[in-house]
Amino acid sequence: MNVRIKGRRNNAAALICSSLVITISLFVALSGAAYCQEASAYPDLAARMKGEVATIEELTGGKAKIGDTIDKNNMDLVKEYLSPGMIECLNQGMVIRLGVNPKPTELVPSFFIAATEKNSTGVKMADEYGTIYMADGSKWKGGVPYPEPKDGLEAATNIKHGMVVDDLEQHGRLFYISKDGSVEKEYVNNTYLMRLNARMVVDPTPAVRGYEKELRRKIMGFEHPIEMAGVGQLSIRHYDEVATPDTGFSYVPAFKRTIRQSATTWQENVGGSDYLWCDSEGIADPFDYWKFKLLGKKYMLLPALKQEASIFHESFDKTGKLNEAVKFTVGRKFPEMNFAIVPTWVVEITPRIEHVYSKKILYVAAYPYWQIYFQAGLTECYDPAGELWKCIVESGSDIKVIDGEPYTIPWGPCVHDLQSGHTTLALLRSIVQQGLTVDRHCTLKTLVQFGR
Amino acid sequence: MRKWKSALALGAVVLALLVSFTGESEARIMLTDSIYLEGFARYTLGVHTGSHNPYNELYGQDENHDYNLARAMLQGELTYKPSQNFKAFAKLRFTHDHTQHIDGALLDYNAQPLDVPSSDWTMMKMSNDEARAEVWELYTDLQLGDLWLRLGKQQISWGEMIGVRITDQVNALDTSWHLTMEPEEYENIRIPNWMLRGVYQFGAIECLNLRDSYLEAFVNPGDITPNQGPVPGNPYNQQGPFPAFFNIDDKDHRGDTEYGFRTGGMLNEFYFTLIYMKVFSDSYKLQTVGFTPDPVNGRPFFAAEGDPTLYSALIDARYKKVDVFGFTCNYEIPPPFGTVATLEASWTPDAAWGKAGASLPEIEEQGEFVYSLALNRPTTILPRMIMGSPIPLTAITLQFVQYIREGENRDILGPGNSIMEHTQELVVFNIKQDLLYRALTVGFQTIIDLDDAYQLKPSITYRHSDDWYVDLVGVFFSGAETQAGRLGYLDYADEIYARFTYQF
C-alpha cells in the first residue's frame, strides 16, 4: 500500500519533473537566447577547429533560415545576435542575408594553424599593452597568441599579433556616401603593409634583419583626385610600443618632400572621410592609449567569411568598378552581404588618453574564424558624450588559395556614422604574400614614388 | 606665332574631349590599361587691394590697378605605368593670362616671360606674351633592385621647412606670374629641369644602428635656369629700370653642370639628412667689368682724370656657382606632447652679394648660415563634432628662421640693392582646419620678420563633389621694414584671389 502510495507519489513527482523538463526543453528549443547564454553552448577551441558551431537556424529554432533576408521589419528574429550598431544600421536601411561560414580549414592556412598550436602555449604577456614574448624571451613567432583569451587584453592582442600574412598590398577606393546614399566623392589609394617580426612564409623569416625592433610598417598613398594625388603616409609600429612610440612620416605633393608627422594623428580622419586612421582593424592606434575589458563571449552575426560573389569587378584596380552581382540598399550605403553566426569575443576598450571616442566595442571573431586581418568583424565607436556614433562593418571577404593555402581576405571596412547618416565605404582589394621589402616598398623613398 | 597657337588649341581640345568622354563611375580617365590621364582646369582671379606699384610707376603706369591676375590654366597629367618598376609621367600645361585685358590701368607686359629661344627645345614650351603651351614635367621612374632612378624634366625638393627655402635649392622659381602666393607654395612655380636623380637604399646598417639609410644624388647636365621674376608692367613687378648707363650682359650658365648628394636615415628615433650640392645661384649679382664709350646714355666717369668722354659701365649679371652644405633632423617628442621638432640648416661659404658703398656694382662673397627650427603638433581646438560632422585635429606649425651672414653688419647688398643686416629672423605660424568631411578647409599663415614686417595669408577652400573646388585666399604685406626683398616692401602686391578648379 505504502509502496503503491509511494509509487503513486513517485509517479506524480516523475510526472511533474517530466513536465518541467519537457517545458524547459521546449523553451530552450524555442529560445536561441537561452541557448547562447549557456557557457556550455559556446564552442571551445577543439569544437571550433572542427567547425562545430551553431547555425542561425539552430539558434532560432528554425525561425530564421539560411538564405533569409533580414531588414528592420523582421530583425527581431535574430536580434539576440545583432550588436546595437548593427540594429541601428538595419533601422537605417541595411539589408543582410543569413549565411554560414566555411570550415576553418578552408579559412586559415595550415602553417598558421600549426604556428598557433605550437606558439600559443608559450606566450607571455609583458605589459598591459599587448606586448608579448615567447617563454624564452624571444619575440612572438606567429599565429594567434591567445586562441582562448581570458580577458579583453588577450582578445585584442590577437588582433595586434595575429595577422595571417607577412605582407599585404592594397588597391583601395574610399567612397564618401551621403545620408541619402549618393556617392559624394571617390578617393583612390594604394597601401603596402609589412610585418617586420613573426614572419612565417615570405623571406626573410622570422624577422627582417635590422628592423627587429619594429612590429609592422604601413604606407599609404592617394592616387586620386588630383588634389589629393601623391599625399602619402608612412607609419611604423614598434614591437615595444611603449618604449618606442610610433614613428610617422607624410609626403605632401605641394611641398614635394617628406615630413615627419606626429603619431597623435591616429585620431585624424583619412582624407576627410568617416574613417579615422585608428579605426583600421578596430584598434590601429597604440595599445597604451586603451584599457581593455572582456564583456563576454557569445554567438554573433558577423559578416560571413565567404560571400556569394566578390564585390570587386575584375577591373576594380583601374576603374573602381564594383561587381554588379553585389546589390546595395540606400543608394551605395549598405552592400547586401551574407552574415553568419560566429563565436565572438566582445571587448570594450576605453581610452587612457584624451580621445575622440569615449569607448569602442570590438566584436572579435573567435579563432579560427580568422581573416588575414580586420578580425574585429564589427566595431562600435561611442562619441565623447557616450552615445553610439559609428558602426564599422568589416564587409565581406574573398577566400583565395595561394600555394595551396587558403587566405580569407576582407573587402575592407564600411564606416557608418549612425548620427549623421554619412558613410565611408573603404574597399581595398588586397594582394598578399607578394614578397614586399622594406627598402623598396615601405620607406620614405616609397612615399616619394607614390607622390607627384 | 601660328605654331604656338596651333599647339595650344590642339592640346586644349584634346584634353577637353578626353574629359568630356569620361564616365561618372571612373575616377580618372583610363586611356589604356596602363595609361591614364588626370588634371584640372582652373581660373584664377586676383583682386588688387594694395597701393600703387611704385616700380611700374617708374615705367609710366599712372594710376593704381584693380586686378593683379586673371589667368586660365588647363593642366593634364599623363601617366604610363605598365608595372610597379616603371612609370613615365608628363605634366602638360596650357595657360592664358589676360590680366591686361580686364584692367585698363596696367601697362602692356609679357605675362609669360619664362622662355628660351625656339632653337632650345629642352624647355619644351611655346608662348607669346599672353599664352603658353608647355610640357612642365616629363620624366620616367625606374626601379632596379634597391636603386630607384628618375630621369627627365623634374623638380627636386630637399629640406622640410614651410615658406622658406633652406636646402630646397636645386630648382629655381618662376615667380613671374604670382610670386609665391599660390596655396601649393612652390609646386606650381618651381621650374623643372632635365636631371638624373637616383636613390640607392642601403636600408639597415646594423653597425651604425641606422635604419632606412640611403644615398641620393642628382646631376643636371646643363638645363640651368635662373629665377624668373615678374617683368616691368606686371602688377607684381619688383624692380625699377636700371640706370641707362648700365650695359648689362646676362651671364647665364645654360650648358653647365650642377650636382648634389644627400644621405640620411633613422638613428634611433632621429631622422636626419646630410646634404651637399654644387649649384649656381638662382639670382644674379652685378659685377662691373669695364667701360665703353656711350655718347648718348653715358657718364663722364673719368672726367676727374682729364677724360671727358661719356662711358657706359660694362656689367655682368652673374650667377655664382656655390657650395651648399645642408643638414636636416627631426624627432617626435612622444605623446602626450606629440610634437614633431624639425631642424634644418644650410651653410653657403661663398654666397654672392652686392658690395655696399661701391659706386658701381661689385660682387662681394660672404658666407651665409641659415637655420630653422619648427614645431608641429596636431591639436584639438574645436569641439569634436559640429553640425553632425566630426571635426578633425587642427594642424599647427610654429617655425623660427634665422639668417646669419659673415662680415660686418650692413656691408652687403641683397635683393633690389637692399642693405643686409648681419642677422635676420623670421617666425612662421601656420594653422589649418578641415571641416565638413573636408568639404571645407580653413587656413591661416603668417610670416613675421622680426625687423617689423609681415605677411598674412588667410585662406578658405571649399570642395564640391569629386570635381569642383574653390580657393579664396588673401595675401597681405605690411610693416615698417620696407627694403627690397623684405615683406614690408611688397604691400603694393596685396590681394584677394579666388581660384575655381575643375579636376578630372
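Kindly evaluate B:R463 against the criterion of being open to solvent by less than 10 Å² (accessible area, probe 1.4 Å) and within 14 Å of chain A (Cβ to nearest Cβ).
no
Take the conditions within 14 Å of chain A (Cβ to nearest Cβ), among the basic types (K, R), in contact with a Ser or Thr (Cβ under 7 Å, 6 or more places away or on another chain) and surrounded by 18 or more Cβ atoms within 10 Å (Cβ to Cβ) and apply them to B:R499. Does it pass?
Criteria met by B:R499.
Could you list, in sequence order, all residues of region A:212-223 that are facing chain B (nearest Cβ under 9 Å) and crowded, with 22+ Cβ neighbours inside 10 Å?
Hits for region A:212-223 are A:E214, A:E223.
Please determine whether any residue of region A:261-270 is in contact (Cβ under 8 Å) with a residue 24 or more places away in the chain and of a type in the set (D, E).
Looking through region A:261-270, none of the residues is in contact (Cβ under 8 Å) with a residue 24 or more places away in the chain and of a type in the set (D, E).
Looking only at region B:64-90, how many residues end up being among the basic types (K, R) and farther than 28 Å from B:G46 by Cα?
Residues flagged as among the basic types (K, R) and farther than 28 Å from B:G46 by Cα within region B:64-90 amount to 2.
Taking the conditions exactly as written (more than 27 Å from B:E77 (Cβ to Cβ) and open to solvent by 10 Å² or more (accessible area, probe 1.4 Å)), does A:Q267 satisfy them or not?
Answer is yes for this residue.
From B:P226, B:P235, which residue is within 26 Å of B:D108 (Cβ to Cβ) and either at pLDDT 95 or above or in a helix (DSSP H, G or I) (or both)?
Selected residue: B:P235, the only one of B:P226, B:P235 that is within 26 Å of B:D108 (Cβ to Cβ) and either at pLDDT 95 or above or in a helix (DSSP H, G or I) (or both).
Could you check region A:124-153 and list, in sequence order, the residues that are touching a residue at least 60 places away in the same chain (Cβ under 8 Å), open to solvent by 20 Å² or more (accessible area, probe 1.4 Å) and not in a loop (DSSP other than H, G, I, E, B)?
A:K139, A:L153
Would you check which residues across region B:323-350 are open to solvent by 10 Å² or more (accessible area, probe 1.4 Å) and farther than 30 Å from B:P378 by Cβ and list them?
Once the filter is applied, which keeps residues that are open to solvent by 10 Å² or more (accessible area, probe 1.4 Å) and farther than 30 Å from B:P378 by Cβ, region B:323-350 yields B:D323, B:F325, B:W347, B:T348, B:P349, B:D350.
Show the residue pairs that are 6+ apart or on different chains and have beta-carbon atoms under 9 Å apart, the first residue being within region B:374-386 and small (G, A, S), the second being part of a strand (DSSP E or B) and surrounded by fewer than 19 Cβ atoms within 10 Å (Cβ to Cβ).
If the second residue must be part of a strand (DSSP E or B) and surrounded by fewer than 19 Cβ atoms within 10 Å (Cβ to Cβ), the pairs left are B:A374/B:A341; B:A374/B:L343; B:A374/B:L398; B:A374/B:F400.
Which of the residues that make up region B:213-223 are of a type outside the set (A, V, I, L, M, F, W, C) and modelled with pLDDT of 95 or more?
Hits for region B:213-223 are B:S213, B:Y214, B:E216, B:N220, B:P221.
Residue check, A:F450 against (1) within 13 Å of chain B (Cβ to nearest Cβ); (2) open to solvent by less than 10 Å² (accessible area, probe 1.4 Å); (3) in contact (Cβ under 8 Å) with a residue 40 or more places away in the chain; (4) in contact with a strand residue (DSSP E or B) (Cβ under 7 Å, 6 or more places away or on another chain), all met but one. Which one?
Evaluating A:F450 over (1) within 13 Å of chain B (Cβ to nearest Cβ); (2) open to solvent by less than 10 Å² (accessible area, probe 1.4 Å); (3) in contact (Cβ under 8 Å) with a residue 40 or more places away in the chain; (4) in contact with a strand residue (DSSP E or B) (Cβ under 7 Å, 6 or more places away or on another chain) leaves (2) as the failure.
Considering region A:408-450 alone, what residues qualify as being among the basic types (K, R) and either assigned to a strand (DSSP E or B) or farther than 30 Å from B:E160 by Cα (or both)?
Correct list: A:R429 only.
Out of the residues in region A:232-253 that are in a loop (DSSP other than H, G, I, E, B) and open to solvent by 20 Å² or more (accessible area, probe 1.4 Å), state the one that is nearest to the other protein chains (Cβ to nearest Cβ).
My answer is A:P245.
In the set B:Q143, B:Q154, which member is open to solvent by less than 30 Å² (accessible area, probe 1.4 Å), under 30 Å from A:L436 (Cβ atoms) and at pLDDT 95 or above?
None of the other options fit; the residue is B:Q154.
Hey, any hits in region A:180-191 for a residue that's touching a Lys or Arg at 6+ places or on another chain (Cβ under 9 Å), more than 25 Å from B:Q155 (Cα to Cα) and free of Cβ contacts under 8 Å to residues at least 40 places away in the same chain?
no
Are there any pairs, at least 6 apart or on different chains, whose C-beta atoms fall under 6 Å, with the first in region B:191-210 and without any contact (Cβ under 8 Å) to a residue 12 or more places away in the chain and the second not in a loop (DSSP other than H, G, I, E, B), and if so, which?
Hits for this filter: B:A204/B:R211.
Scan region B:374-415 for residues that are over 20 Å from A:T265 (Cα atoms) and open to solvent by less than 70 Å² (accessible area, probe 1.4 Å) and jot them down.
B:G388, B:F400, B:V401, B:Q402, B:Y403, B:I404, B:R405, B:G407, B:D411, B:I412, B:L413, B:G414 - these are the residues of region B:374-415 that are over 20 Å from A:T265 (Cα atoms) and open to solvent by less than 70 Å² (accessible area, probe 1.4 Å).
Would you check which residues across region B:178-223 are assigned to a strand (DSSP E or B) and more than 24 Å from B:L274 (Cβ to Cβ) and list them?
The one that is assigned to a strand (DSSP E or B) and more than 24 Å from B:L274 (Cβ to Cβ): B:W194.
Name the residues in region B:198-223 that are open to solvent by 20 Å² or more (accessible area, probe 1.4 Å) and more than 14 Å from every other protein chain (Cβ to nearest Cβ), would you?
B:V219, B:P221
Select the strands (runs of 3 or more DSSP E) contained entirely in region B:420-504, then report the ones holding at least 1 residues which are small (G, A, S).
B:440-449, B:453-464, B:468-479, B:495-503
Using beta carbons and a limit of 6 Å, which pairs, at least six apart or on different chains, have the first residue in region B:390-408 and within 12 Å of chain A (Cβ to nearest Cβ) and the second one open to solvent by 20 Å² or more (accessible area, probe 1.4 Å) and among the hydrophobic types (A, V, I, L, M, F, W, C)?
Close Cβ pairs (under 6 Å, with a partner that is open to solvent by 20 Å² or more (accessible area, probe 1.4 Å) and among the hydrophobic types (A, V, I, L, M, F, W, C)) amount to B:I391/B:L382; B:T394/B:I381; B:I396/B:I431.
Which fully enclosed strands (runs of 3 or more DSSP E) of region A:335-401 have 1 or more residues being over 27 Å from B:P336 (Cα atoms) and either β-branched (V, I, T) or in contact with a Lys or Arg (Cβ under 8 Å, 6 or more places away or on another chain) (or both)?
So the answer is A:337-351, A:359-365, A:388-394.
Every residue, every condition in (1) of a type in the set (V, I, T); (2) modelled with pLDDT of 95 or more, yes or no:
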| position | (1), (2) |
| --- | --- |
| A:A46 | no, no |
| A:E58 | no, no |
| A:V78 | yes, yes |
| A:R97 | no, yes |
| A:T116 | yes, yes |
| A:K124 | no, yes |
| A:I132 | yes, yes |
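Can you run down the residue pairs with Cβ atoms below 6 Å, 6 or more apart or on separate chains, where the first is in region B:138-157 and under 15 Å from A:H441 (Cβ atoms) and more than 8 Å from chain A (Cβ to nearest Cβ) and the partner is of a type in the set (S, T, Y) and surrounded by fewer than 20 Cβ atoms within 10 Å (Cβ to Cβ)?
Qualifying pairs under 6 Å: B:L147/B:Y200.
Scan region A:157-177 and give yes if some residue there is over 24 Å from A:L436 (Cβ atoms), assigned to a loop (DSSP other than H, G, I, E, B) and within 13 Å of another protein chain (Cβ to nearest Cβ), otherwise no.
No: region A:157-177 contains no residue that is over 24 Å from A:L436 (Cβ atoms), assigned to a loop (DSSP other than H, G, I, E, B) and within 13 Å of another protein chain (Cβ to nearest Cβ).
Please find, within region A:270-294, the residue that is surrounded by the fewest Cβ atoms within 10 Å (Cβ to Cβ) out of those that are within 17 Å of the chain's Cα centre (by Cα) and part of a strand (DSSP E or B).
A:L294
For the list (1) touching a residue at least 24 places away in the same chain (Cβ under 8 Å); (2) of a type in the set (D, E, K, R); (3) under 30 Å from A:E214 (Cβ atoms), I need the number of the one condition that B:D174 fails.
Among (1) touching a residue at least 24 places away in the same chain (Cβ under 8 Å); (2) of a type in the set (D, E, K, R); (3) under 30 Å from A:E214 (Cβ atoms), B:D174 violates only (3).
The values are calculated or read from the model by the stated rules, or taken from the named source; none is laboratory data. Remember, it's a predicted structure, so these values are computed and weren't measured experimentally. Cβ coordinates were reconstructed from backbone atoms using ideal geometry, including for glycine residues, and neighbour counts include every protein chain displayed. Each accessible area value is taken on the protein alone, full model and side chains, heavy atoms only, with ligands, DNA and RNA left out. Shrake-Rupley method; radii C 1.70, N 1.55, O 1.52, S 1.80 Å.
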